[in-house]
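The values are calculated or read from the model by the stated rules, or taken from the named source; none is laboratory data. Fair warning: this is a prediction, and the values are worked out from it, not measured in the lab. Quick reminder, even Gly has a Cβ in these numbers, built from the backbone with ideal geometry, and neighbours come from all protein chains shown. Ligands, DNA and RNA are excluded from the accessible area calculation, which covers all protein heavy atoms including side chains. Shrake-Rupley method; radii C 1.70, N 1.55, O 1.52, S 1.80 Å.
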Amino acid sequence: MNYNDIANLIFPDVTMSPEEVIAKYPKRNLKEGQMVTRFAPSPTGLVHIGNFFQAFISYNIAKNTDGILFLRIEDTDRKREKIEAKQVLYDVLKRFEMSFDEYQTLDGKDIGDYGPYVQSQRNDIYKVFAKKLVSEGKAFPCFCKKTEGKEDVLKQRETKFVENDEREYDPCRDLSYEEIKAHIDNGDSFAIRLKTKNKGDERIVFNDLIKGDIEAKANAKDFVILKSDGTPPYPFAHAIDDTLMGTNIVVRGEEYIASTPAHVELFEALGFKQIQYCHNPLIYKLNDLGNRRKISKRYDPESNMMFFCENGYPNEAVYEYLLNMINSGFEIWRKNNPEKSWKEFKFKPSDITTVAPIFDLVKLNDISKNVISLLSGEKLYENWLNWAREYDKDLSKILEENREKFVKVCQMDRDGRPKPRKDIFNYQMMKDKFNYFFSAPISFNIADEDKEKANELLSAYRENFKMPSSNEEWFNEVKELAGKLGYATDNKLYKENPNEFKGNVAKACEFIRLAITGEKDSPTLFTIMEILGEDEVKARLNVKF
Ligand code: GLU
């Protein structure tokens, strides 16, 4: 069979040779150990945490080896909503400060020498290699209707499918030149399929940087490499792009392990050096019954990276949580290096967990509390304001108009303290947490049996109230007053005979705190009083429980 004639018949417009294409993508000039990784998302309109996880691993591998990270948009099968979806993707990547050495800008300019960095602009390249495979008898045109990648459709048709056998040979694989020409003359559309060289009983071994050698059944299907619209399904585009673009580690989700044998066969058919894979584990969640399931777009809002933006989690908290999921050693490193940036934590692909990480919001919140506790009050205010500008306009106005006050609010029990408070895990919760700075409390967290005592104490307290000038002064005043009213001023005494007193000084302070904040627990009350100012404090002391 003259495969060259067939190739020319079905690709009359493809004139470039594979060598000419390869010459446009010179080998990268890398130093020993430098890794070239990429993030290759399909723009879907949201960025899933699993995809971001993969991007983050790639980012770290490149960073840790002084390597290169590029962004490749895999948009071959997403014609609709492409622009909007791309915008969402770029927006999320920008918010999470993912910086790429090479990429295409939103307005279509390639930054880097290995572009275009968008697959839908690379169709001519894929055709050159499809033609090459056809000319070598390794691929063939298939004229069956609707054959694109739909193996179930393929099975329903008359394939040379042998039962209990892995083979799926397409009926078009042996068409003669004349038969093909008749189809072409007839204007029939066609896809290109790889003519697998396997018989269905071969096994192969490929290496994965996380899991080591993986043994699997070799591919034995004539799968589609170019659809009838001229676009490549994932495997073909992956083999060509990652080879030409000089990727040396492909980090991708574990779900691709099953189809890797097909990719391995493609690399071989194309005469490409097999690329190194690093299949990262997928992120799971526990359901109410404690069973694992994949984190899902449908049920888990936190599967969408925007969740963290909308709720105001600092990026560092998200990165630190992801590092925690990537390698459990991070937690110990963080404990030993509380001041260091997460960027200084280095891991190798082989350090990545093989066990599927379970997403746990409580854990993220703990990490986030720690990250936020290390911010200065001023910085916390700025972050809170920036978040509010986007997600709560009314709040942002208040914060802006009362800058000095809210900087102080953010500084409470924080600046200069060896152990700053760790009670804020995102910016979204701050308005609720500090609601008593926005308006006087209207509900009070007080038990019914305490109300009478509290009213008595407050009425005595406000009688001669003047703003205290220090925390000590304030406390001593309350102590003195509480003593007069029958509260224990000595805690030891109180513990020995609790029934002889109305309570201890802490209880008296609690009543004042309740009047001012509505809560039993708060940052230092004196600081709160200072921020609120004398008039406001006085007004709040007038409450009757
Ligand atoms: N576009 C593919 C995806 O989003 C890329 C997989 C890969 O990284 O190779 O799943």
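Just a few scattered comments:
- With K and R counted +1 and D and E -1, the other residues having a Cβ less than 9 Å from that of G486 yield a net charge of +1.
- Within the chain, helix-based [θ] at 222 nm, where runs of 4 or more DSSP H residues each add -39,500 (n - 2.57), nearest 500: -12500 deg cm²/dmol
- Under 5 Å, built H, 5+ apart or other chain: amide partners of R38: F70, V251
- Rounded tilt (10° steps) of 377-391 against the dominant C-alpha axis of the chain: 60
- Coupling constants for region 445-450 follow from the phi torsions by the Karplus curve (6.51 cos²θ - 1.76 cosθ + 1.60, θ = phi - 60°), and in residue order they are 7, 10, 6, 4, 5, 8 Hz; glycine and proline get x.
- In a DSSP loop and with at most 10 other Cβ atoms within 10 Å, the trypsin sites (Lys or Arg not before Pro) in region 10-73 are K27, K31.
- Too-long pairs where the Cα-Cα distance tops 20 Å, listed order kept, from K211/K285; K285/K369; K393/K433: K211/K285; K285/K369
- A viscosity of 1.306 mPa s and a temperature of 10 °C, combined with the Kirkwood radius over C-alpha pairs in the Stokes-Einstein formula, give region 1-148 a diffusion coefficient of 90 µm²/s.
- For region 301-330 versus region 354-385, the spacing of their alpha-carbon centroids is 8 Å.
- Using a probe of 1.4 angstrom and keeping all protein chains present, the accessible surface of the chain works out to 49 square angstrom per residue.
- Carbon/sulfur fraction of accessible area - the chain, other protein chains in place, 1.4 Å, %: 47
- Radius 9 Å from Cβ of I424, net charge of other residues (Lys, Arg +1; Asp, Glu -1): +3
- The angle separating the long axis of helix 505-517 from the principal Cα axis of greatest extent in the chain is about 60 degrees.
- Subtracting the Cα-Cα distance of E84 and D432 from their residue separation scaled by 0.36 nm leaves 121.9 nm.
- Over all directions, the projected convex hull of the C-alpha atoms in region 346-458 averages 12.1 nm² in area.
- Two-site label geometry, K211 and E390: point separation in nm, points 7 Å out along Cα→Cβ: 3.6
- Summed side-chain charge close to I68 - residues other than I68 whose Cβ falls under 14 Å, Lys, Arg +1, Asp, Glu -1: +1
- Region 491-514 and region 165-236 have their alpha-carbon centroids 81 Å apart.
- For the chain, the cysteines with no partner cysteine C-beta closer than 4.7 Å are C144, C278, C309, C410, C509.
- Sorted on the mean count of surrounding Cβ atoms within 10 Å across their residues, most packed first, peptides 277-287, 469-479 read 277-287, 469-479.
- Orientation-averaged projected area, Cα convex hull of the chain (nm²): 33.4
- Of K466/K544; K340/K397; K24/K94; K431/K451; K24/K86, those spanning more than 25 Å from alpha-carbon to alpha-carbon: K340/K397; K24/K94; K431/K451; K24/K86
- Table column - 3J(HN,Hα) (Hz), region 417-431, Karplus curve with 6.51, -1.76, 1.60, x for Gly and Pro: 8, x, 10, x, 4, 10, 10, 10, 10, 7, 6, 5, 7, 6, 5
- Relative to the Cα centre, the charge distribution of region 241-314, modelled as +1 at Lys and Arg Cβ and -1 at Asp and Glu Cβ, gives a dipole magnitude of about 240 debye.
- Only beta bridges with both residues in the chain are counted; by DSSP, about 60 percent of them are antiparallel.
- Set of lysines near K197 by C-alpha distance (under 23 Å), chain-local residues within fewer than 8 positions excluded: K127, K131, K132, K138, K150, K155, K160, K217, K221, K227, K273
- Taking 0.36 nm per residue of separation and subtracting the Cα-Cα distance, full extension of the segment from N29 to K479 would add 154.6 nm.
- For the peptides 492-501, 430-439, residues were scored by their other Cβ atoms within 10 Å and the scores averaged per peptide; the highest-first order is 430-439, 492-501.
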